[in-house]
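The values are calculated or read from the model by the stated rules, or taken from the named source; none is laboratory data. These numbers come from a predicted model, not from an experiment. Positions of Cβ are backbone-derived with ideal geometry, glycine not excepted, and every protein chain shown enters the neighbour counts. All accessible areas refer to the heavy atoms of the entire protein, side chains included, with ligands and DNA or RNA removed. Shrake-Rupley method; radii C 1.70, N 1.55, O 1.52, S 1.80 Å.
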Amino acid sequence: MTVSYTLKVANSRFGGFSKLLFRWKGSIYKLLYKEFIVFVVLYTMLSVVYRRLLTEEQKHLYTKVAQYCNRSTDLIPMSFVLGFYVTLIVNRWWAQYTSIPLPDQLMCVISSNVHGKDERGRILRRTLIRYANLSAVLILRSVSIRVLKRFPTMDHVVEAGFMTQDEHKKFESLHSDFNKYWIPCVWFTNLAAQARRDGRIRDDVALRLLMDELNLYRAKCSMLFHYDWISIPLVYTQVVTIAVYSFFAFCLIGRQFLEPLEPGQEGDLDMYIPLSTLLQFFFYAGWLKVAEQIINPFGEDDDDFETNKLIDRNLQVSLLSVDDMYQNLPPAVKDKYWNESTAQPPYTTATAAETLKPSFLGSTFDMRMCEDMEQSQPMEASSAVPRIQTPLLSRFFTAASPAISIKHLGRGPRSHPHLQRPRVDGGFPSPHPSRAEDPEAVACIQEEMEDESRVSEPTMAGGHLEGNWPLEDSEIQRKGLPLVQVKAPSTDSTGADQQEAWEPQGCPRSIPFPEAE
């Protein structure tokens, strides 16, 4: 029977785990006490022989052997070997439990999609779910010692009601060299197809849903069979076992009390009971015993799976679901919170303190915003201000990146001549003639140059600004520049009077473009 102590550790308190140390069933003491007694007896025997029976010369030789054995224990990676092995075993143990077939989903689908309150409808539903339980019993008989002892022969399965006599004869007449746990699943599919033809299953969608659930159920039965068939490689188990046993064989010799080799030399403290060595044995050997217990959880150990209880539960619950509960519903009425917009179930006195806690709305919900309100003001990006997008890696490439604008690179004293002067064939010269140029980059550069020629750039003519002024009013206000009145020549061909214009003071008429490095 599985040892459950979940309720004992529901709340963390002082010495919570300490109370679990005094349990015997399923404990490490029950698993390890025999090996522990053997180790203590052997250690005691060697200690008595060394102290009472050996001569001085023999003690001198034994001291050298013991020192060698003690140094050898450091060469065995016990923590790594055992830790990795036990982790693998625990993962496999839990995966085997999740592979045990449970009929809960399948029985709900059968109850909702196989119709008929008459005797034929009841027979169909009960027979379908019985076939599913029969398949689980057959596979558990193949992997679990407890189930095999409960159903040692197929006659016991028939007597238990999982199979009829006619089904037993049909089962025995089908000869196969392999496990036949899958036969009831095939019977299930044929019976479901017959129910669809008879109209008990009303559409193909319901039949498909029933088949999908059955396939999931059968897949778990198959997975259990494969877990039982394919074990962890034997060499790995042997390596771990040899590592543990050899480690403590060295400890038996190397951890003994030794007299000094030289007269007058200070020796180690003589402890008749080697506490550290015994604790080390308890930890490492106990770790190995844990792996030994759960490597096959379908045995008869204290913490092995209760497969017989699972069989009883699955049969009872599934038959109740597809028969007694079929269309046996309580009346549908208005619930208690029908006229309330927010449902609030009541609390007891023991849980009233939980109502004082606010609901969790997110980790940043109560975070204070920045005290500088200017950082929280929305800002619109101005399309008139040129922006430079120069990836850092583009500085190391020979071909120009499409993100670099030609009008930005073509200005300033550090412009790139090979990007400004196209070749005769329409391309651009490269400082590395041996390297192939990127055709996509060249095409992007040519397209930007064509767009550049269509846009009128601000220029200086006679000390005045001509063309499009790059700064808009919103940009001038954001920069906080004062406005001064200036005279700008009229672009009218009739020679009209000059018009007055406003421009920001302190802002140069010719705006230098940033240079791309």
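Being among the polar types (S, T, N, Q), surrounded by fewer than 18 Cβ atoms within 10 Å (Cβ to Cβ) and more than 21 Å from LEU75 (Cβ to Cβ) narrows it down to one residue among GLN293, GLN280, GLN316, GLN238; which is it? None of the other options fit; the residue is GLN316.
Here is a list: LEU61, LEU42, LEU88. Which entry is over 26 Å from GLY299 (Cβ atoms), open to solvent by 60 Å² or more (accessible area, probe 1.4 Å), at pLDDT 90 or above and out of contact with any helix residue (DSSP H, G or I) (no Cβ under 7 Å at 6 or more places or on another chain)? Give the derivation first.
Values: LEU42 fails: out of contact with any helix residue (DSSP H, G or I) (no Cβ under 7 Å at 6 or more places or on another chain); LEU88 fails: over 26 Å from GLY299 (Cβ atoms).
Within the list LEU61, LEU42, LEU88, the selection yields LEU61.
When you check LEU31 against the structure, is it surrounded by 10 or more Cβ atoms within 10 Å (Cβ to Cβ), in contact (Cβ under 8 Å) with a residue 24 or more places away in the chain and closer than 16 Å to PHE282 by Cβ, yes or no?
Working: surrounded by 10 or more Cβ atoms within 10 Å (Cβ to Cβ): yes; in contact (Cβ under 8 Å) with a residue 24 or more places away in the chain: yes; closer than 16 Å to PHE282 by Cβ: yes.
So LEU31 passes the test.
What residue, of LEU278, LEU269, is farther than 27 Å from SER231 by Cβ, in a helix (DSSP H, G or I) and of a type in the set (A, V, I, L, M)?
Working: LEU269 fails: in a helix (DSSP H, G or I).
None of the other options fit; the residue is LEU278.
Inside the stretch 103-125, can you point out the residues that are part of a helix (DSSP H, G or I) and crowded, with 17+ Cβ neighbours inside 10 Å? Across the stretch 103-125, the qualifying residues are LEU106, MET107, VAL109, ILE110, SER111, ASN113, GLY121, LEU124, ARG125.
In this structure, does ILE253 turn out to be touching a helix residue (DSSP H, G or I) at 6+ places or on another chain (Cβ under 8 Å) and assigned to a loop (DSSP other than H, G, I, E, B)?
Numbers: touching a helix residue (DSSP H, G or I) at 6+ places or on another chain (Cβ under 8 Å): yes; assigned to a loop (DSSP other than H, G, I, E, B): no.
For ILE253, the condition - touching a helix residue (DSSP H, G or I) at 6+ places or on another chain (Cβ under 8 Å) and assigned to a loop (DSSP other than H, G, I, E, B) - is not met.
Got at least one residue in the stretch 325-346 being open to solvent by 100 Å² or more (accessible area, probe 1.4 Å), polar (S, T, N, Q), modelled with pLDDT of 90 or more and within 30 Å of ARG146 (Cα to Cα)? No; the residues of the stretch 325-346 include none that is open to solvent by 100 Å² or more (accessible area, probe 1.4 Å), polar (S, T, N, Q), modelled with pLDDT of 90 or more and within 30 Å of ARG146 (Cα to Cα). Hey, could you check the stretch 142-154 for residues that are over 33 Å from the mean Cα position of the chain (by Cα) and buried (at least 17 other Cβ atoms within 10 Å of the Cβ) and say which is farthest from LEU315 (Cα to Cα)? Only one residue tops the list, namely ARG146. For the stretch 175-210, residues that are farther than 27 Å from VAL158 by Cβ and either open to solvent by 80 Å² or more (accessible area, probe 1.4 Å) or touching a helix residue (DSSP H, G or I) at 6+ places or on another chain (Cβ under 7 Å) (or both) total 11.
Right, ASP323: closer than 30 Å to SER142 by Cβ, without any contact (Cβ under 8 Å) to a residue 60 or more places away in the chain and acidic (Asp, Glu) or not? If you could, list the steps in order and put the result at the bottom.
Details: closer than 30 Å to SER142 by Cβ: yes; without any contact (Cβ under 8 Å) to a residue 60 or more places away in the chain: no; acidic (Asp, Glu): yes.
In short, no.
Once the stretch 45-57 is narrowed to residues that are at pLDDT below 90 and surrounded by 10 or more Cβ atoms within 10 Å (Cβ to Cβ), the residue that is nearest to ASP301 (Cα to Cα) is TYR50.
Test ILE100 against the criterion of being open to solvent by less than 70 Å² (accessible area, probe 1.4 Å) and over 30 Å from ASP203 (Cα atoms), and give yes or no. Answer is yes for this residue.
Read through the list (1) in contact with a Leu (Cβ under 6 Å, 6 or more places away or on another chain); (2) within 30 Å of GLU119 (Cβ to Cβ); (3) in contact (Cβ under 8 Å) with a residue 60 or more places away in the chain, then give the number of the only condition that ALA206 fails. Failed condition: (1).
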